[in-house]
Amino acid sequence: MIPVAKPVFDEEMKKAALDALSNEKFVMGDSVLKFEEEFAKYLGTDFAVSTSSGTDALQIALISAGVKAGDEVVTTASSFIATANSVIHAGATPRFADIGSDNNVDPARAASAITSKTKALLPVHLYGLPARMGELNELAAKKGIFVLEDACQAHGSTYKGRKAGSLGNAACFSFYTTKNMMAGGDGGMITSSDEKFAKLAAKLRNCGRISQYEHDEIGYTARLNTVNAAIARVQLRRLDKWNSERRAHAEEYKRRLAGVSQVRTPPTPEYAQGNYHLYAARVSQRDELFKSLAGKGVQCATNFPIPMPFQPVYRRLYGFKGTEFPASLALSSEVLCLPMFPELTSAEIGAVCDAIAEFYSQR
């Protein structure tokens, strides 16, 4: 079996975890503070605030930006449900906009979704490819709204030479097990160069605490465990190497699949360098190909087969019929994520591509 993803947890990470468990506080130990400092330095932001998950990071960041009940947040129709859930958890209402050719929110469609109630713009760097942040930041500046990057899949990706996570007013990351770097479980991070915003976010993730027994905000218990931070610190040191290997694999996929007309490889705009968190190809006869590859020992994924607004809960809440957002709907029916992880071999890529070519040759 060739897996679609293969998280790394080796002896160095085990040692870091055991050292943290043996020598540090279990909660808010030194590894947490060091990880925040190292992550901010890596991105080029002034601050980084760790959280217990990417979803918590998004919710706390939105609240720290002043989002509240009665507000709206414009986001993409194509993402994992946590993106829009975080808006609802913050008390606001998500407003969805369709995607462009890069699979990210289209700036013109985002502009059309903005109303007088819009407080923030929440673009997602889907599959690790940065959204068109120049246009989105310009739009937000004209409207006077906050820009929060959902960079939960974009560790180490760049937009015009700058790291994802340093492109808006603030950003959020996830360190879930399948991400390009993980924390041995759930984990998240909020990044920003706004000191007031970062201090509020740090307070909110720690029960609104200003001292051991004083609290001046209604906060959350959303801290990153020390042992998870220790693991993530090791992963961060390897991130650039791993991303470089993923990009090399992506080039090989592109070369080997060039002659298969039924497959569109992921977009590669000049302004951005993705991290290939997922190798999200668009294919015809997606479901049939998925089953064929599974039968040949190739594990794939269909992220995300239901556009976010069409999830049952959002249909119930907002009355979507399932025909809106046609570009997102088309993506959801065509995307097939092929195996992608640093240790993937050329032979395995060849086997995947041969199996795809064979499938279409028989049609």
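Please verify whether Arg109 is within 25 Å of Asn180 (Cβ to Cβ), in contact (Cβ under 8 Å) with a residue 12 or more places away in the chain and basic (Lys, Arg), treating the condition exactly as stated. Full working, then the answer.
Numbers: within 25 Å of Asn180 (Cβ to Cβ): no; in contact (Cβ under 8 Å) with a residue 12 or more places away in the chain: yes; basic (Lys, Arg): yes.
When the stated conditions are applied, Arg109 does not pass them.
Ile190: in a strand (DSSP E or B) and of a type outside the set (Phe, Trp, Tyr), yes or no? So Ile190 fits the description; yes.
Among what's in segment 275-300 and is of a type in the set (A, V, I, L, M) and under 19 Å from Ala77 (Cβ atoms), pick the residue that is surrounded by the most Cβ atoms within 10 Å (Cβ to Cβ). The qualifying residue surrounded by the most Cβ atoms within 10 Å (Cβ to Cβ) is Ala280.
Quick one: in segment 21-32, of everything that is of a type in the set (Gly, Ala, Ser) and over 30 Å from Met340 (Cα atoms), which residue is surrounded by the fewest Cβ atoms within 10 Å (Cβ to Cβ)?
First pass over segment 21-32, keeping only residues of a type in the set (Gly, Ala, Ser): 22, 29, 31.
Narrowing the set further to residues that are over 30 Å from Met340 (Cα atoms) leaves 22, 29.
Working: Ser22: 7, Gly29: 18.
Taking the candidates together, the pick is Ser22.
Tallying residues that are buried (at least 17 other Cβ atoms within 10 Å of the Cβ) and touching a Lys or Arg at 6+ places or on another chain (Cβ under 8 Å) within segment 207-242 yields 7. Among helices (runs of 4 or more DSSP H) entirely within segment 1-88, having at least 3 residues that are of a type in the set (Asp, Glu) singles out 11-23, 30-43.
Inside segment 148-167, residues that are within 19 Å of Met182 (Cα to Cα), out of contact with any Asp or Glu (no Cβ under 7 Å at 6 or more places or on another chain) and part of a loop (DSSP other than H, G, I, E, B) make up a count of 6.
Only residues that are among the hydrophobic types (A, V, I, L, M, F, W, C), in a loop (DSSP other than H, G, I, E, B) and more than 21 Å from the chain's Cα centre (by Cα) were counted in segment 208-253, giving 1.
For segment 199-206, check the following and say yes or no: at least one residue is closer than 16 Å to Lys41 by Cα, in contact with a Gly (Cβ under 6 Å, 6 or more places away or on another chain) and either crowded, with 20+ Cβ neighbours inside 10 Å or aliphatic (A, V, I, L, M) (or both). Full working, then the answer.
Going through segment 199-206, the residues closer than 16 Å to Lys41 by Cα turn out to be none.
No, segment 199-206 contains no residue that is closer than 16 Å to Lys41 by Cα, in contact with a Gly (Cβ under 6 Å, 6 or more places away or on another chain) and either crowded, with 20+ Cβ neighbours inside 10 Å or aliphatic (A, V, I, L, M) (or both).
Report the residue count in segment 278-329 for those that are part of a helix (DSSP H, G or I), in contact with a Leu (Cβ under 9 Å, 6 or more places away or on another chain) and among the aliphatic types (A, V, I, L, M). So the answer is 2. In segment 125-147, the residue that is farthest from the chain's Cα centre (by Cα) out of those that are buried (at least 24 other Cβ atoms within 10 Å of the Cβ) and outside any helix (DSSP H, G or I) is Ala131. May I ask you to verify whether Leu200 is within 17 Å of Ala48 (Cα to Cα) and either of a type in the set (A, V, I, L, M) or free of Cβ contacts under 8 Å to residues at least 60 places away in the same chain (or both)? The answer is yes for Leu200.
Look at segment 281-292: where a residue is assigned by TED's automatic domain parsing to the domain that holds Gln262 and modelled with pLDDT of 95 or more and a partner is outside any strand (DSSP E or B) and aromatic (Phe, Trp, Tyr), sitting 6+ places away or on another chain with Cβ atoms under 7 Å, you get Leu289/Phe359; Ser292/Phe359. Within segment 345-359, not a single residue is crowded, with 16+ Cβ neighbours inside 10 Å, closer than 23 Å to Phe96 by Cα and touching a strand residue (DSSP E or B) at 6+ places or on another chain (Cβ under 7 Å).
Listed by first and then second residue, the pairs linking a residue in segment 1-20 that is surrounded by 14 or more Cβ atoms within 10 Å (Cβ to Cβ) to a residue that is in a loop (DSSP other than H, G, I, E, B) and among the small types (Gly, Ala, Ser), with Cβ atoms under 8 Å apart and 6 or more places separating them unless they lie on different chains, are Ile2/Gly297; Phe9/Gly184; Met13/Gly184; Ala17/Gly184; Ala20/Gly29. Checked against the criterion of being within 22 Å of Asn243 (Cα to Cα) and either more than 26 Å from the chain's Cα centre (by Cα) or of a type in the set (Lys, Arg) (or both), segment 328-340 contains not a single residue that satisfies it. When residues in segment 5-44 are screened for being within 15 Å of His155 (Cα to Cα) and either in the same structural domain as His277 (by TED's automatic domain parsing) or not charged (D, E, K, R) (or both), 7 of them pass.
The values are calculated or read from the model by the stated rules, or taken from the named source; none is laboratory data. Quick caveat: nothing in here was measured; it's all calculated off a predicted structure. Every residue, glycine among them, receives a Cβ derived from its backbone with ideal geometry; neighbour counts consider all protein chains shown.
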